[in-house]
Structures are given as structure tokens and as C-alpha cells.
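The values are calculated or read from the model by the stated rules, or taken from the named source; none is laboratory data. Keep in mind that this is a model prediction, so the values were computed, not measured. Note that we place each Cβ from the backbone using ideal geometry, even for glycine, and neighbour counts take in every protein chain shown. These area figures cover heavy atoms from the full protein model, side chains too; ligands, DNA and RNA do not enter into them. Shrake-Rupley method; radii C 1.70, N 1.55, O 1.52, S 1.80 Å.
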Amino acid sequence: MESRPWDNGTRILHATLAVTVLADMLAGVIVSRATHPHWVFLHSMLGIATLLVIIVDWMWTWARNDLGVIFPWNRTGLRSVGRELGGIFLGKLPSAGDVVGLSSFMHGIGLLAVSGMAVTGLLIYFVIPGGYGFFANTAGYGILTTLGVVHLWLSYLVWFYLAGHVFFAVLQQLLGNNVLRHFTLVRH
């Protein structure tokens, strides 16, 4: 089943989300190496920008009535996801785009993962002791540690998601399903 082409708003939003998430994830890798505080500030500002893009993405998805596509968590949707997952083992690629199936299900998981990272990152920003956060105080260390661990584990999930997302997009393209058409601003 061929999906409907993305409109320019969706294309721009997807590209903006990809750029902000990747930039923030790369800055996060640098921050995790215990470098200078200016990297923490940059990571925080990129995180806030990413959070704003994520909020717009949620609103856009809701306005396009696509929540049921990226969260096919009813019986019919999960059956479609299961069939496509089983088809992978038979050499059949899942459908691409905005149809209910494995691809849309994984997009929903990715949106949840980056949303979780953005929320935990914002909460971390509010409780960073030592003067960086709005509510900076020494009592925040316990909360900071817990949030930091959740944020870190979500980052592993997002890195895995990003790698898989790119891998399957390239694989779809190489095997003849022109998924890269979604990224041009020219109508096809």
C-alpha cells in the first residue's frame, strides 16, 4: 500500500526535528565526557529548541489526525505491525510512510523516546545544582541523579532508533521503495 505524499509542512518539521535532535544528541555526547560548562549550556539550549520542535510535532501530528497512525496500539494496528514484523523474516520490507504498520509504529516509539529525553532534560535543567538551573540548590542532587540516569538510558534508545531509522530508510530506497521522495520540497 503506497502512502500519501508528505506535505511541505511535514517535510520541514521532520527535517527540523532530525537536525535539532541530532545536534543535541551530539552535544550530549560531548557533555557526557565531562567537558567545559559551555557545552552544558549549549546542550541545554539545543534541548530547549528540540523540545519546542517536538511540541510542534505533537500538535502537527494531532492536527493531521495521525495519532492513530503512529500509535496503532489497538488490535487491528498491532496485527498489522505483527504481520510486517513477521514479513521481515521472509524478506519483505514493511510499508513506508503514513500507513498503519511497523514503520509508523517505530516512528511513534521514536517520538515517545525523544519526548521523554526532552522532558527529562528540561527537568534536569531546572534542578542542576551549582547555579545552572532555575531551582538550583544542593537538595537537587538526588533528583538530578535519577533524572540523569533516565535521560542517559533514553539517549541510548534514541541513538539506536536513529541508526535503525536511517538504516531502514536507505534499505527501503535501495530496494525500490522511493522513501526519500518525502524529503524534497517539490511535489511528485
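Quick notes on this structure:
- Applying the criterion of being of a type outside the set (V, I, T), buried (at least 16 other Cβ atoms within 10 Å of the Cβ) and assigned to a helix (DSSP H, G or I) to the residues of region 72-104, the residue that is modelled with the lowest pLDDT is S103.
- Qualifying position, being closer than 16 Å to A113 by Cβ and of a type in the set (V, I, T), among I48, I12, I30, I54: I54
- Any hit, region 61-69, residues being within 16 Å of L17 (Cα to Cα) and either modelled with pLDDT of 95 or more or surrounded by 13 or more Cβ atoms within 10 Å (Cβ to Cβ) (or both): yes
- Verdict on V100 being among the β-branched types (V, I, T) and within 25 Å of Y156 (Cα to Cα): no
- Region 105-160 - residue that is open to solvent by less than 30 Å² (accessible area, probe 1.4 Å), under 22 Å from L52 (Cβ atoms) and part of a loop (DSSP other than H, G, I, E, B) and, of those, modelled with the highest pLDDT: I128
- Restricting attention to region 55-71, the residues being in contact with a helix residue (DSSP H, G or I) (Cβ under 9 Å, 6 or more places away or on another chain) and outside any loop (DSSP other than H, G, I, E, B) number 10.
- Unmet requirement for A163, which otherwise passes all of (1) more than 17 Å from L51 (Cα to Cα); (2) open to solvent by 30 Å² or more (accessible area, probe 1.4 Å); (3) modelled with pLDDT under 90: (3)
- Single residue of region 1-52 satisfying the filter (of a type in the set (S, T, Y), open to solvent by 50 Å² or more (accessible area, probe 1.4 Å) and part of a helix (DSSP H, G or I)) that is modelled with the highest pLDDT: T16
- Number of the condition not met by L175 [criteria: (1) open to solvent by 20 Å² or more (accessible area, probe 1.4 Å); (2) at pLDDT below 85; (3) under 26 Å from V40 (Cβ atoms)]: (3)
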